[in-house]
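**Student:** Structure below; questions to follow.
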Amino acid sequence: MAVSADPASPVQVRLFASLREATGWSEQLVELAATAKGANPAGPTPEQLWRQLGLQPATPPAGVRVAINQQFAAWDASLVAGDELAFLPPISGG
Amino acid sequence: MAVSADPASPVQVRLFASLREATGWSEQLVELAATAKGANPAGPTPEQLWRQLGLQPATPPAGVRVAINQQFAAWDASLVAGDELAFLPPISGG
Amino acid sequence: MLAIQLEAESFEPLQALAEWHQWLAAELGLRPAAESHFLGRVRPSGAHDALLTALELEHYPGMTETCIASLAAAAAGRHGATAVLVRHRIGLVLPGDAIVLVAVAADRRGPAQRCCQELLEALKHEAPFWKREWSQGVGRWITGNTPL
Amino acid sequence: MLAIQLEAESFEPLQALAEWHQWLAAELGLRPAAESHFLGRVRPSGAHDALLTALELEHYPGMTETCIASLAAAAAGRHGATAVLVRHRIGLVLPGDAIVLVAVAADRRGPAQRCCQELLEALKHEAPFWKREWSQGVGRWITGNTPL
């Protein structure tokens with residue numbers, strides 16, 4: 001569905017493990033900033049939200065991955081209203 | 001121990017699986033023939049015993065292996081008195 | 001045929017395998033010719049050789065289960081495996097306790113072994129789990145996996 | 001640490017693993033971080049697709065046990081494995097019954113998996129066992145192994 005994000009629509013952002021601990025929060029509803037929308041007509045990207053939220057370091061580290069609606073996604077994917085966005089620190093399972 | 005085989009010393013010969021069935025016997029004491037001894041001063045070899053016993057085919061098939069005293073051995077190893085010699089058809093374990 | 005389960009409490013791997021065997025026998029009507037299992041337990045000491053109090057496993061509820069199922073289905077498909085079992089701990093896991101169990105049933109040993117091995121690596125690198133080593137009251141997030 | 005056993009009667013692989021776990025825990029004082037298992041069962045049909053009545057396993061008493069122990073010790077040494085279990089059936093084995101169980105404990109997953117795999121291949125090609133498939137009253141000696 002090529003629905004463009006309403007700039008005021010919230011996206012649910014989730015952090016895990018070391019990222020969660022570094023920021024002190026695990027989830028929040030984020031209003032998409034108009035500037036973010038402007039930079040990408042198709043909708044703001046995870047990378048833009050990372051910056052908007054002031055996550056550190058400003059350039060996302062190589063090991064951190066993105067999931068949108070619980071699927072791995074690209075840093076330049078387009079977010080739409082109601083999406084669940086997660087930033088995943090380096091995985092260490094098994 | 002570099003003991004040379006007494007030509008009259010028996011060697012215990014054992015056959016397994018398809019070889020046992022083809023010959024109709026599983027073990028026998030074999031007197032080492034004087035001719036076999038003469039051909040190999042260090043003692044007769046499994047290959048010589050294979051022929052002496054009339055096992056078929058006359059040239060041992062590539063898949064058949066030899067064990068002397070329950071250790072894998074070469075077809076041209078030297079047998080000494082009291083050895084246990086086994087001819088092992090192709091292995092299929094596990 | 002996939003049997004995926006996250007375990008919030010200590011589990012007995014041989015019990016898990018026994019249940020899986022029963023289920024396979026009921027579903028398939030015969031027992032598969034080849035099975036390969038991998039069982040991982042928490043080591044007594046952590047990355048810096050300090051004695052571990054516990055290993056903590058954080059996951060992403062929902063995504064982790066889906067992700068394991070999709071990795072298992074992909075590995076089974078690639079290798080032509082008949083069935084896959086995954087049990088993976090979450091929460092606080094004590095040294096010596098089972099953390100992961102992967103079992104693969106197939107018609108031949110090669111596919112069973114390769115699928116089991118490949119799925120284990122996939123779980124380590126692709127399934128959203130995060131380990132924290134607890135030692136002397138201090139927790140330290142692990143950023144990688146032990147070498148293969 | 002080797003635990004090698006030929007089984008003249010049907011055996012329950014998970015029971016064998018449970019006994020091994022108890023023995024390992026008693027001997028080592030801790031449970032190894034990684035275990036790889038392989039379990040092989042008799043297929044319902046033989047080399048020529050005929051339904052099997054049974055698979056017969058002949059061995060060389062004495063040599064077979066010694067040979068398995070030496071293959072297991074060599075594989076464990078090469079991979080730095082902590083412990084190896086081998087249970088192998090002899091005699092008449094029914095379709096679906098366990099014929100071979102190999103388990104390897106090690107400190108890391110790679111050595112456990114590689115040692116288990118390598119030892120299984122060694123058993124298939126180097127340990128004196130001969131299989132005869134029984135089908136409709138006729139026995140046929142198997143001259144090779146199923147492909148990997």
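**Student:** Kindly indicate whether C:Glu7 is within 14 Å of chain A (Cβ to nearest Cβ) and of a type in the set (D, E, K, R).
**Tutor:** yes
**Student:** Could you please find all residues in the range D:2-30 being in contact (Cβ under 8 Å) with a residue 24 or more places away in the chain and over 16 Å from the mean Cα position of the chain (by Cα)?
**Tutor:** If the condition is that a residue be in contact (Cβ under 8 Å) with a residue 24 or more places away in the chain and over 16 Å from the mean Cα position of the chain (by Cα), then D:Leu24, D:Glu27, D:Leu28 are the ones that fit.
**Student:** Could you check how many residues of the range D:89-107 are touching a Cys at 6+ places or on another chain (Cβ under 9 Å) and more than 10 Å from chain B (Cβ to nearest Cβ)?
**Tutor:** 3
**Student:** Please work out which one of (1) under 27 Å from D:Gly96 (Cα atoms); (2) within 18 Å of the chain's Cα centre (by Cα); (3) of a type in the set (Asp, Glu) is the condition C:Glu58 fails and give its number.
**Tutor:** Of (1) under 27 Å from D:Gly96 (Cα atoms); (2) within 18 Å of the chain's Cα centre (by Cα); (3) of a type in the set (Asp, Glu), only one is false for C:Glu58: (1).
**Student:** Just to verify a result, which residue in the range D:62-103, among those that are free of Cβ contacts under 8 Å to residues at least 60 places away in the same chain and part of a strand (DSSP E or B), is surrounded by the fewest Cβ atoms within 10 Å (Cβ to Cβ)?
**Tutor:** For the range D:62-103, the residue satisfying everything is D:Leu92.
**Student:** Any idea which residue in the range C:106-148 is surrounded by the most Cβ atoms within 10 Å (Cβ to Cβ), counting only those that are small (Gly, Ala, Ser) and out of contact with any Lys or Arg (no Cβ under 8 Å at 6 or more places or on another chain)?
**Tutor:** C:Ala112
**Student:** Considering only the range C:108-148, how many residues are among the small types (Gly, Ala, Ser), under 26 Å from C:Thr66 (Cβ atoms) and within 7 Å of another protein chain (Cβ to nearest Cβ)?
**Tutor:** So in the range C:108-148, the residues among the small types (Gly, Ala, Ser) come out as C:110, C:112, C:122, C:127, C:135, C:137, C:139, C:144.
With the extra rule that they be under 26 Å from C:Thr66 (Cβ atoms), the set shrinks to C:112, C:122, C:127, C:144.
Those still in the list that are within 7 Å of another protein chain (Cβ to nearest Cβ) too: C:127, C:144.
Selection size over the range C:108-148: 2.
**Student:** Applying the selection to the range A:47-94, what residues are surrounded by fewer than 15 Cβ atoms within 10 Å (Cβ to Cβ) and at positive phi?
**Tutor:** Matches in the range A:47-94: A:Gly54, A:Gly82.
**Student:** Looking only at residues in the range D:39-61 that are in contact with a helix residue (DSSP H, G or I) (Cβ under 8 Å, 6 or more places away or on another chain) and more than 24 Å from B:Leu19 (Cα to Cα), which one is surrounded by the most Cβ atoms within 10 Å (Cβ to Cβ)?
**Tutor:** It comes out as D:Leu39.
**Student:** Return the residues of the range D:27-49 that are more than 10 Å from chain C (Cβ to nearest Cβ) and of a type in the set (A, V, I, L, M, F, W, C); say none if nothing qualifies.
**Tutor:** D:Leu28, D:Ala47
**Student:** Is there a residue being more than 8 Å from every other protein chain (Cβ to nearest Cβ), under 27 Å from A:Gln71 (Cα atoms) and polar (S, T, N, Q) anywhere in the range C:58-76?
**Tutor:** Checked against the condition, which is being more than 8 Å from every other protein chain (Cβ to nearest Cβ), under 27 Å from A:Gln71 (Cα atoms) and polar (S, T, N, Q), the range C:58-76 yields at least one hit.
**Student:** Of all residues in the range C:7-62, which are among the acidic types (Asp, Glu) and either on the phi > 0 side of the Ramachandran plot or at pLDDT 95 or above (or both)?
**Tutor:** Passing the criteria: C:Glu7, C:Glu9, C:Glu12, C:Glu19, C:Glu35, C:Asp49, C:Glu56, C:Glu58.
The values are calculated or read from the model by the stated rules, or taken from the named source; none is laboratory data. Values in this document were obtained by computation on a predicted structure and should not be read as measured data. Glycine gets a Cβ as well: all are built from the backbone with ideal geometry, and neighbour counts include every protein chain shown.
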